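Structure, as structure tokens:
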Amino acid sequence: MHYSNNKMKNIKIAYIGGGSRGWAWTFMTDLSMEPQMEGTICLYDIDAEAAKTNSIIGNEVSQSADTLGHWSYTMVETIGEALKDADFVVISILPGTFDEMEVDVHYPEKYGIYQSVGDTVGPGGLMRGLRTIPMYVDIAKAIKRFAPNAWVINYTNPMSVCMKTLYKVFPEIKAFGCCHEVFGTQKVLKGICEEKLGIEEIDRREIVVNVLGINHFTWFDRASYKGIDLFPLYKEYVDEHKEEGFEEVDNNWANSTFECAHIVKFDLFNRYGLIAAAGDRHLAEFMPYSDYLKDPETVASWKFSLTTVEWRKKDYQKRLDRAKKLAAKEESLDLKPSGEEGILLIKALCGLERVISNVNIPNTFGQISNFDASVIVETNAVFEKDAIRPIFAGQVPENIKALMQVHIDNQELLYEAARECDFEKALKALMQDPLVKNKISETEGREMLTVMIARTKTYLPDGWK
């Protein structure tokens, strides 16, 4: 890539999982709205036809009259071809299919274990991790061989486990994980500010926060708006609205499988003193099952939803149908910025901006001072020309660290279980997960894990068979 006429040109991005019927379109749209970058996107996917369809859609977007950044999209048949000479690598894959995820999420319900997402922790996160880690081992080896100097952006869950695998296999990799959950809590603070201070249209980015934790279980220990400490304001709002919560305009929790009223956040604030900074569906899964996920009635009382895989399958079919229409030019993508920051971070790494954003990377620089260096942490970092510089976040309070530690331990256990095809290590991780611990016996856990592994064996190494 090179800089000319206030624009970075000839950038090559390798997109692993380039057949995505959702995230890839968001990526295309955001790229099209960025006037200072252009280049080539190589789409690689085990579903080559899906990647080919996205190359058609991407090139159509690039030719739109409203496009500011022009990119050439091409489908490639091998990961090596995608990665060769890449400046950036984007990884966004679905490990397995929704049939496997249906087992991950719903089979544990036979044992009274409920999951609101099922892709990060709990039985669902465990099984997804067992499928994902071997895939990421191969991806890391390919990056080391074909694109060792590329910046690697991961969007796949379980985020922490994916990042751990990339760094274990290729320690020199320049990889980071992007997650938008923090943005949602900034929006909550923005809304509370607007209501309490009588200010209209605050930009979410004006809410300055210190981020510390692990992915999907992040926290703010400082938050401000133009010099105003938001913690007293947040406490006042929580005290006044702890029953009904905070409802975003036109986003009622009862009308969407992904929305919430944020009262899990409010409860965690009252219990632990920091602002939990992820969606309630994710936060609930990190806590003991009896807190928020005891049964569907308990979930409803906390005003969030159990996202069913049946819903995901129906939504996926709608996106398949839309992909056909987009490729046939019967529909077009709405060229509006998504609010995600992936493109902005690429721009910063090209030297066109300097950005501060939350990021998932190893704690190598001690950005969270009371975590080990090997832990994949989520904190703020400065992005600038060919560099990510983590911002020192400080200590996680011991009471919150205790909640995180079991999950940190499980991430290491899960990695070892996946690499060694070790049932007993996987079982240990399962039984000490807060959604499972004290809920079922070890005999029941062994039975459940045996069935779940059998039903996902297509995507597991031969050692499991």
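Just so you know, all these numbers are worked out from the coordinates, no wet-lab data involved. Since this is a predicted model, take the numbers as computed values, not measurements. In this analysis, Cβ positions are derived from the backbone assuming ideal geometry, glycine residues included, and neighbour counts consider all displayed protein chains.
Values as computed for the structure displayed
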{"quantity": "Region 214-333 - percent relative contact order, Cα under 8 Å, separation 6 or more", "calculated": "24 percent"}
{"quantity": "Shape of the chain, Cα gyration tensor, a/c cut at 1.5", "calculated": "rounded"}
{"quantity": "Most to least packed among 63-73, 194-204 [average Cβ atoms within 10 Å]", "calculated": "63-73, 194-204"}
{"quantity": "Relative contact order %, the chain, counting alpha carbon pairs below 8 Å whose residues are six or more apart", "calculated": "17 percent"}
{"quantity": "Residue among Val188, Thr29, His2 farthest towards the positive dipole end of the chain, charges placed on Cβ", "calculated": "His2"}
{"quantity": "Highest average packing first - 296-306, 85-95, Cβ atoms within 10 Å", "calculated": "85-95, 296-306"}
{"quantity": "Inverse mean reciprocal Cα-Cα distance (Kirkwood Rh) of region 262-346, Å", "calculated": "16.3 Å"}
{"quantity": "Magnitude of the charge dipole, region 76-161, Cβ model with Lys/Arg +1 and Asp/Glu -1, debye to 20", "calculated": "340 debye"}
{"quantity": "Mean separation of Cα contacts under 8 Å (6+ apart) over length of region 297-436, as relative contact order %", "calculated": "14 percent"}
{"quantity": "Cβ-placed point charges (K, R +1; D, E -1), dipole of the chain about Cα centre in debye, nearest 20", "calculated": "1120 debye"}
{"quantity": "Highest average packing first - 54-61, 11-18, Cβ atoms within 10 Å", "calculated": "11-18, 54-61"}
{"quantity": "Spatially proximal lysines relative to Lys144 (Cα-Cα < 18 Å; intrachain offsets below 8 disregarded)", "calculated": "Lys12, Lys84, Lys164, Lys168, Lys174"}
{"quantity": "Cross-link table Lys294/Lys401; Lys110/Lys313; Lys318/Lys439; Lys52/Lys325, entries beyond 25 Å C-alpha to C-alpha", "calculated": "Lys318/Lys439"}
{"quantity": "The chain: DSSP helices with Cα axial extent of at least 20 Å and average Kyte-Doolittle hydropathy no lower than -0.5", "calculated": "48-62, 122-146, 181-197"}
{"quantity": "Whole-Hz couplings from phi, Karplus 6.51/-1.76/1.60, listed for region 68-80; x for Gly and Pro", "calculated": "9, x, 9, 10, 9, 9, 9, 8, 10, 9, 10, 5, x"}
{"quantity": "Amide hydrogen neighbours beyond the local backbone of Thr67, cut-off 5 Å, H modeled", "calculated": "none"}
{"quantity": "Candidate aspartates and glutamates - alpha carbon under 20 Å from Lys329, same-chain residues fewer than 8 apart omitted", "calculated": "Asp30, Glu49, Glu60, Asp66, Asp321"}
{"quantity": "Charge sum, other residues only, whose C-beta stays under 14 Å from Thr74's C-beta, Lys/Arg counted +1 and Asp/Glu -1", "calculated": "-2"}
{"quantity": "Charge dipole of the chain about the Cα centre (unit charges at C-beta), most positive-ward option of His70, Leu306, Tyr289", "calculated": "His70"}
{"quantity": "Long-range amide H partners of Ile391 with built H, under 5 Å", "calculated": "Asn380, Ala381, Val382"}
{"quantity": "Whole-Hz ³J(HN,Hα) from phi, Karplus 6.51 cos²θ - 1.76 cosθ + 1.60, for region 374-391, glycine and proline x", "calculated": "7, 6, 7, 10, 10, 9, 6, 8, 8, 9, 8, 3, 6, 7, 10, 10, x, 8"}
{"quantity": "Antiparallel %, DSSP beta bridges [both residues in the chain], to 5", "calculated": "55 percent"}
{"quantity": "For Val396, distant residues with modelled amide H under 5 Å away", "calculated": "Ser369, Asn370"}
